[in-house]
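Written below as structure tokens is the structure these notes are about.
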Amino acid sequence: MGGKSLKIAVPIEWPAKLRENDRTASLRFAMPKRAKEKPSEKRRRLFKLYSANAAIFAPEYSQYCPCPICLSGFGERAIEADTLLMDIAHVFPKSCGGNGGPKVLTCKQCNSRIGREYDSEFAYDSKLVAALDGSGNGCVATRIRLPGGTSIGTEFRKQNGGFRFDLIPKQTNPVERDRLIKSLRETGDLSFTMDLRTPDPKRYPVSLLHSAYLAMYRYFGFEYLVTGNSEWIRDILVREDAPDDVPFFTLDVPKGCISVARNDLLYTPFLATSESGLHALAVAFPAANKEMETRIVLLPGFGKEAMHDYEKLRMGWENSQQRIGAIFEFHPLEPRLVDPKCQWFGNNLWRRLVAQSREPSSKARGIRMEPSA
Ligand SMILES: [Zn+2]
């Protein structure tokens with residue numbers, strides 16, 4: 001186990017009605033270190049890594065790297081600067097806070113479509129939340145309408161206990177702008193209505209699901225695609241239109257509950273085990289708002305049983321009348337992709353973790369992973 005070990009105490013933020021169930025879990029994991037690479041070197045390294053990984057499951061892929069979303073195979077030519085049919089994709093949209101997290105390779109078509117259809121909506125949601133609670137430099141463009149039909153393009157954000165509106169010159173007729181200034185000088189008073197679009201509730205969760213999926217792919221490689229209960233995610237991600245239901249769930253961890261830098265926690269999958277012995281894979285992302293430290297996305301793990309576990313957890317979470325009766329213990333997973341010589345690594349690791357987590361919880365906490373045989 002390289003890098004340094006961390007111990008983190010994480011009381012979990014349940015949906016408000018379930019708050020009485022707050023408990024503490026601990027987490028320890030290693031942080032790998034790597035020298036800075038040029039984009040072309042990074043593409044080549046990722047291509048070789050994932051192509052070798054894919055060949056474990058489908059030997060015909062030894063010269064190709066599949067896109068983890070649409071599963072189209074690409075030759076090495078696809079990562080050259082003049083074609084870039086496959087390019088580096090951030091696990092988390094940069095426009096939604098954070099640094100975008102680690103990178104993987106996806107095909108350009110999938111990356112552009114998901115960026116356009118879903119990430120843009122997630123970014124809007126994040127910006128709107130930031131503008132409304134005055135965090136970061138979040139602001140949102142909107143039109144304000146004054147009595148008499150004047151309409152002005154503005155950007156607004158919360159500031160000093162009120163809201164600040166900045167005029168957007170390109171979206172404002174100068175005549176109307178002058179009329180507004182004149183009216184303000186004369187009356188010192190202004191009443192207006194504001195158009196504010198609400199984020200599409202069908203679209204922005206898909207972006208978060210996409211991020212969690214890429215985090216799992218980065219970590220487990222194609223084993224997650226082949227045996228990891230992930231087909232339903234790809235079905236959603238390759239659709240042309242947003243689905244009616246995106247069946248996954250998230251937990252928000254409040255500020256001040258994590259004893260290490262938040263950035264050390266983000267983007268690395270870990271195993272979550274409920275009090276009642278149900279398991280799920282989990283990954284932390286930047287928080288939804290400034291009261292929160294991080295947002296944890298839960299996804300099903302490997303095998304049939306994991307899917308049943310996940311469904312039970314999700315139903316409990318969705319039905320807020322019913323107490324979940326669960327604490328999540330966070331077990332670190334080794335940050336490594338499947339070694340080309342080591343088949344079914346992730347699946348074995350999963351089984352081993354499941355077996356270990358059934359021991360009394362005092363032993364299971366802060367568990368230290370040994371390399372798989
Ligand atoms: Zn693709």
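The values are calculated or read from the model by the stated rules, or taken from the named source; none is laboratory data. Keep in mind it's a predicted model, so treat the numbers as computed, not measured. All Cβ positions, even for glycine, are placed from backbone atoms using ideal geometry, and neighbour counts span all protein chains on display.
Determine which single condition Phe74 fails, assuming it passes every other condition in (1) aromatic (Phe, Trp, Tyr); (2) in contact with a Leu (Cβ under 7 Å, 6 or more places away or on another chain); (3) more than 30 Å from Phe156 (Cα to Cα); (4) in contact (Cβ under 8 Å) with a residue 60 or more places away in the chain.
Against the list (1) aromatic (Phe, Trp, Tyr); (2) in contact with a Leu (Cβ under 7 Å, 6 or more places away or on another chain); (3) more than 30 Å from Phe156 (Cα to Cα); (4) in contact (Cβ under 8 Å) with a residue 60 or more places away in the chain, Phe74 comes up short only on (4).
Could you please let me know if Arg177 is over 17 Å from the mean Cα position of the chain (by Cα), surrounded by 12 or more Cβ atoms within 10 Å (Cβ to Cβ) and part of a helix (DSSP H, G or I)?
yes
Quick grid of which residues meet (1) assigned by TED's automatic domain parsing to the domain that holds Asn289; (2) of a type in the set (A, V, I, L, M, F, W, C):
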| residue | (1), (2) |
| --- | --- |
| Ser211 | no, no |
| Ala215 | no, yes |
| Arg218 | no, no |
| Leu237 | no, yes |
| Asp252 | yes, no |
| Lys255 | yes, no |
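Restricting to segment 79-95, what's the tally of residues that are within 13 Å of the ligand (Cβ to nearest atom) and buried (at least 17 other Cβ atoms within 10 Å of the Cβ)?
Selection size over segment 79-95: 3.
Which condition breaks for Lys17 when tested against (1) at pLDDT 90 or above; (2) not β-branched (Val, Ile, Thr); (3) not in a strand (DSSP E or B)?
So Lys17 meets the others, but not (1).
Any residue that is part of a helix (DSSP H, G or I), under 19 Å from the mean Cα position of the chain (by Cα) and away from the ligand (no atom under 16 Å from the Cβ) - is there at least one of those in segment 110-118?
no
Of (1) within 16 Å of the ligand (Cβ to nearest atom); (2) within 16 Å of the chain's Cα centre (by Cα); (3) not β-branched (Val, Ile, Thr), Gly98 satisfies all except one. Which?
Checking Gly98 against (1) within 16 Å of the ligand (Cβ to nearest atom); (2) within 16 Å of the chain's Cα centre (by Cα); (3) not β-branched (Val, Ile, Thr), the one that fails is (1).
Could you please tell me which pairs satisfy a Cβ distance under 7 Å, a separation of 6+ or placement on different chains, a first residue in segment 98-127 that is under 28 Å from Leu196 (Cβ atoms), and a second residue that is within 14 Å of the ligand (Cβ to nearest atom)?
Sorted first by the residue in segment 98-127, then by its partner, the pairs are Ile114/His210; Ile114/Leu237; Tyr118/His210.
Among (1) within 16 Å of the ligand (Cβ to nearest atom); (2) among the β-branched types (Val, Ile, Thr); (3) over 12 Å from Lys108 (Cα atoms), where does Ile56 come up short?
Result: Ile56 fails condition (1) only.
Would you mind stating whether Ser72 is surrounded by fewer than 21 Cβ atoms within 10 Å (Cβ to Cβ), more than 14 Å from the ligand (Cβ to nearest atom) and among the hydroxyl-bearing types (Ser, Thr, Tyr)? Lay out the reasoning, then the answer.
Numbers: surrounded by fewer than 21 Cβ atoms within 10 Å (Cβ to Cβ): yes; more than 14 Å from the ligand (Cβ to nearest atom): no; among the hydroxyl-bearing types (Ser, Thr, Tyr): yes.
In short, no.
Which condition from (1) at pLDDT 90 or above; (2) of a type in the set (A, V, I, L, M, F, W, C); (3) not in a helix (DSSP H, G or I) is the one that Ala78 breaks?
(3)
Filter the strands (runs of 3 or more DSSP E) completely within segment 270-316 down to those with at least 1 residues that are surrounded by 14 or more Cβ atoms within 10 Å (Cβ to Cβ) and out of contact with any strand residue (DSSP E or B) (no Cβ under 6 Å at 6 or more places or on another chain).
The strands (runs of 3 or more DSSP E) meeting that bar are 279-286.
Scan segment 219-249 for residues that are part of a loop (DSSP other than H, G, I, E, B) and farther than 24 Å from Ser62 by Cβ and jot them down. First the steps, then the outcome.
Applying the first criterion (part of a loop (DSSP other than H, G, I, E, B)) to segment 219-249 yields 221, 228-230, 239-248.
Of everything in segment 219-249, those that are part of a loop (DSSP other than H, G, I, E, B) and farther than 24 Å from Ser62 by Cβ turn out to be Asn229, Arg239, Glu240, Asp241, Ala242, Pro243, Asp244, Asp245, Val246, Pro247, Phe248.
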